Amino acid sequence: MAPNLANKPCGGRYGDIIDAIGHTPLVELKSLSPKPGVRLWVKLESRNPTGSVKDRVGRALILDAEEKGLIRPGQTVLEPTSGNTGISLAMICARKGYRLKVVMPDNVTPERTELLRMYGAEIVYSEGAKGSNGAVEMALDLAAKHPDHYMPYQYGNEANPNAHYNGTALEILEELDEVSAFVAGLGTGGTLMGNGRRLKEEFGDKVKIVAAEPMQGEPVQGLRSLDDGFIPPIIDLSLLDRKIFVTNRDAITWTRRLLDEEQLFVGVSTGAIARVAVRIASELDEGNVVFIACDDGSKYFSSGIYTRPLDELENLDSTVWW
């Protein structure tokens, strides 16, 4: 007799690549759980079509604009990004017949530039030292100069958190009867807000919503420090139970631990989030802790973080990564 497996078969049948977004695996990381009664789970958003959680957001932004009549075929979509949202939008816009112009810091990894060009996006570079805040500032200026462009503006568009409220969180609830803590990175805020609202509705104060936030001045790609002065409009800080600071070294070290101990090939923001998730798990006696793997490692090959000795990586200036 075949065993009664809890897992579902991978795959499915879809009429279009856009329809294949979501339905990502939830995987237990037994070697990293600090206590026998605490189960640590990672939601592998890296399994989305372009390799990141932002596929959910990109789809939601475009579908929302179409439903509201805000965009027409052939129109140019304009969006600030640190890479992943731009790549997701580039794929979706290519499928749907929209042009895409992205504003992105000039110090991101070359893989991100190549992926955007591969999907046909136009890239406008902002000053790398200003991070994603600089990209937002430049994109808003371009939008004012080009009223014919449509900017979804992931930082202020409720379609962003709704992609998780109606998608990611429901998938977690399908698999787990209880969640003690949910951990995600502080970026646009969409992942934290959408999942946080849905999980709080289900479990109330029994679930803690925790943000991994870079220390000010630490360049953890894809994450932001609120101390830099820009709080995305979609973020409701009252929904967060805790914010825990992480460093670039945390991100690198834990990205390697996920690879070496659990054979998970993920990006550096996931390493930072994993660091916080394990800390939260260590404070509990029992329960499920869920965190998000934002993207895979394919966009970071040029950094060398997956093959170079860890002690060598930790001693390098963090600015070399981006």
In what sequence do V53, V124, V77, V268 fall when counting other Cβ within 10 Å, fewest first? V124, V77, V268, V53
Report the per residue volume, in Å³, of the convex hull enclosing the C-alpha atoms of the chain. 139
Taking a threshold of 28 Å on the Cα-Cα distance, which of the pairs K101/K243; K54/K96; K96/K299; K54/K243 fall above it? K101/K243
Cross-link partners among aspartates and glutamates for K206, C-alpha distance below 13 Å, same-chain residues fewer than 8 apart left out? D177, E178, D241, E286
Under-5 Å amide H pairs with V266, H placed in peptide plane, nonlocal only: G297
Phi-based couplings in Hz for the range 166-175 (Karplus 6.51, -1.76, 1.60; Gly and Pro marked x): 9, x, 3, 5, 5, 5, 5, 5, 5, 9
The chain: relative contact order from alpha carbon pairs under 8 Å, six or more residues apart, as a whole percent, is 21
Collect residues whose amide H, placed 1.01 Å from N in the peptide plane, falls under 5 Å from the amide H of N107; neighbours closer than 5 in sequence don't count. G128
I'd like the Karplus ³J(HN,Hα) series for the range 35-40: coefficients 6.51, -1.76, 1.60, θ = phi - 60°, whole numbers in Hz, and an x wherever there's a Gly or Pro. 9, x, x, 10, 10, 9
Relative contact order (percent) for the range 72-183, with alpha-carbon contacts under 8 angstrom and 6 or more residues of separation? 28
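Here, each number is a calculation from the coordinates, and none is a lab measurement. Only a predicted model underlies this, so the values are computations on that prediction, with no experimental measurement involved. Because the Cβ atoms are built from the backbone with ideal geometry, glycine has one as well, and the counts that use them run over all protein chains shown.
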